[in-house]
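Here the structure comes first, spelled out in structure tokens, and everything after it is commentary.
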Amino acid sequence: MAVTTGFSKPYIGKYSVSGQTVSYFGGMKLGRAVSLSVDVESAEDNDFFADNVIAETETGTMTNATATMTVDGMEDDVAQFALGLPEPTSVEVGDSPVNAYDYGDNMNPPYLGFGAIRRKMLNGVTTYQPIVFTKVKMSIPGNDYATQEEQIDWQTEELTLSILRDDSANRNWKRVFESQTTEDAAENILKTIFGVGE
């Protein structure tokens, strides 16, 4: 069993469905990855007893899942994309206009796909595995800011994603792709899936 040794390259793309075909568009890098924790709740197994023992069992399925992720911080255009912020408004400051991103009633957070790379090692060999959560919605993040003291206190951003089942025939919620020998190859899979640059 491979051991996880790292987490990198988080990407998002806007979720789209046609019939039962799920796709993504407008993809972009979310930020620089620090950590990811996924909490999955499942229904209890449904056991059938015969001859005083469990003769059959139906395994419980995912009922609820949440991802908590730490990144260095979302840039303004990424936050606009991920949180459904309206187009920035222009504020005149002297002779120069400055864009302002408004967090208010006009926000409309979209459904997204989210993916990242799991770096792992088995028998001394490192590989890179793309993992995609097929339908998520990002909660509006809180903010923690602190002034600098004698040295920089690195301040990151914590993001919470509600993980949902997608609208494909199998109602997937996660896809794990074949491990790649390089991080670039794994990242290219994520870029392709999320339509980065399209």
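The values are calculated or read from the model by the stated rules, or taken from the named source; none is laboratory data. These figures come from a predicted structure and were not determined experimentally. Ideal geometry is used to build each Cβ from the backbone, glycine not excepted, and the neighbour counts take in all protein chains shown. Remember, those area values only see protein heavy atoms, side chains included, never the ligands or the DNA or RNA. Shrake-Rupley method; radii C 1.70, N 1.55, O 1.52, S 1.80 Å.
Results, tabulated for the structure shown:
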read-out: Selection status of Val132, of a type in the set (A, V, I, L, M), farther than 21 Å from Met28 by Cβ and modelled with pLDDT of 95 or more; value: no
read-out: Positions within region 144-155 being of a type in the set (S, T, N, Q) and open to solvent by 100 Å² or more (accessible area, probe 1.4 Å), in sequence order; value: Thr147, Gln148, Gln151
read-out: Selection from region 108-126 of residues that are in a strand (DSSP E or B) and farther than 25 Å from Gly195 by Cβ; value: Lys120, Met121, Leu122, Val125, Thr126
read-out: Options Glu44, Glu92, Glu56: the member that is over 15 Å from Val136 (Cβ atoms) and in a loop (DSSP other than H, G, I, E, B); value: Glu44
read-out: Test for Arg119: is it closer than 14 Å to Lys9 by Cα and touching a helix residue (DSSP H, G or I) at 6+ places or on another chain (Cβ under 9 Å); value: yes
read-out: From Glu87, Glu75, residue being open to solvent by 40 Å² or more (accessible area, probe 1.4 Å) and either touching a Phe, Trp or Tyr at 6+ places or on another chain (Cβ under 6 Å) or closer than 21 Å to Phe7 by Cβ (or both); value: Glu75
read-out: Contacts under 6 angstrom Cβ, first residue in region 74-92 being closer than 18 Å to Pro10 by Cβ and of a type outside the set (Asp, Glu), partner part of a strand (DSSP E or B) and modelled with pLDDT under 95, 6 or more apart; value: Ala82/Met138
